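Some notes on the structure that comes next.
The values are calculated or read from the model by the stated rules, or taken from the named source; none is laboratory data. All of these numbers come straight from a predicted model, not from anything done at the bench. Ideal geometry is used to build each Cβ from the backbone, glycine not excepted, and the neighbour counts take in all protein chains shown.
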Ligand code: NI
């Protein structure tokens with residue numbers, strides 16, 4: 001397993017829709033293992049394949065990266081894998097929650113989304129599931145499925161807030177341009 005480089009704002013792949021996973025191959029298994037390791041290393045709650053440059057519809061989620069009262073740990077247990085996740089129902093409400101993203105370091109904004117969703121997905125054994133979820137898990141899944149559609153959470157904030165974020169986003173884009181980007185990333189193989 002290896003820790004993959006997480007793409008940051010300004011990389012076109014973050015705004016490009018991913019294609020469906022067609023079957024579980026050794027490459028997909030490796031991508032999942034590497035994404036899980038990358039998520040723990042980054043101490044994040046969710047990571048979509050597009051964030052590591054793999055343009056396929058899968059994400060790894062871990063709503064509880066830390067134990068209560070403790071510092072965030074990188075303990076490699078507890079994550080879940082969602083392959084080809086699809087939202088098939090949402091509740092009628094629209095609730096605000098502050099979101100951040102490993103691809104937009106330092107940026108947080110309040111985003112409105114439904115509190116509950118029903119998701120159809122495949123697991124890493126290619127079994128189909130349908131699951132209703134709410135709260136933090138539903139929030140993370142909606143954020144990650146957005147990534148797979150090429151949508152970032154800053155695309156969902158209101159016009160005024162977006163103006164406030166504009167300077168920070170410009171700075172992120174500049175920082176990215178100053179970093180050497182290797183032509184082939186491990187995640188590109190899948
Ligand atoms: Ni994100």
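Quick notes on this one:
- Looking only at residues of region 124-166 that are over 16 Å from residue 48 (Cβ atoms) and within 16 Å of the ligand (Cβ to nearest atom), we find that the one that is nearest to the chain's Cα centre (by Cα) is 136.
- Selection within region 20-38 - in contact with a strand residue (DSSP E or B) (Cβ under 6 Å, 6 or more places away or on another chain) and surrounded by fewer than 18 Cβ atoms within 10 Å (Cβ to Cβ): 20
- Elements of type strands (runs of 3 or more DSSP E) in region 100-147, at least 2 residues being surrounded by fewer than 13 Cβ atoms within 10 Å (Cβ to Cβ): 128-134
- Restricting the first member to region 99-122 and to residues that are farther than 25 Å from residue 36 by Cβ and touching a residue at least 40 places away in the same chain (Cβ under 8 Å), and the second to residues that are in a loop (DSSP other than H, G, I, E, B) and within 13 Å of the ligand (Cβ to nearest atom), the beta-carbon pairs closer than 9 Å and six or more apart or on different chains are 109/100.
- Taken together, 31, 14, 39 contain a single residue that is farther than 22 Å from residue 123 by Cα and in contact (Cβ under 8 Å) with a residue 12 or more places away in the chain, which is 14.
- Contact map, region 153-172: first residue over 24 Å from residue 114 (Cα atoms), second residue within 16 Å of the ligand (Cβ to nearest atom) and in a helix (DSSP H, G or I), Cβ cut-off under 9 Å, separation 6 or more or different chains; pairs are 169/154.
- Residue match in region 63-80 (condition: touching a strand residue (DSSP E or B) at 6+ places or on another chain (Cβ under 6 Å), at pLDDT 95 or above and crowded, with 23+ Cβ neighbours inside 10 Å): no
- Residue match in region 113-123 (condition: within 16 Å of the ligand (Cβ to nearest atom) and modelled with pLDDT of 95 or more): yes
- In region 85-92 there is no residue that is more than 14 Å from the ligand (Cβ to nearest atom), at pLDDT below 95, farther than 19 Å from residue 3 by Cα and out of contact with any strand residue (DSSP E or B) (no Cβ under 9 Å at 6 or more places or on another chain).
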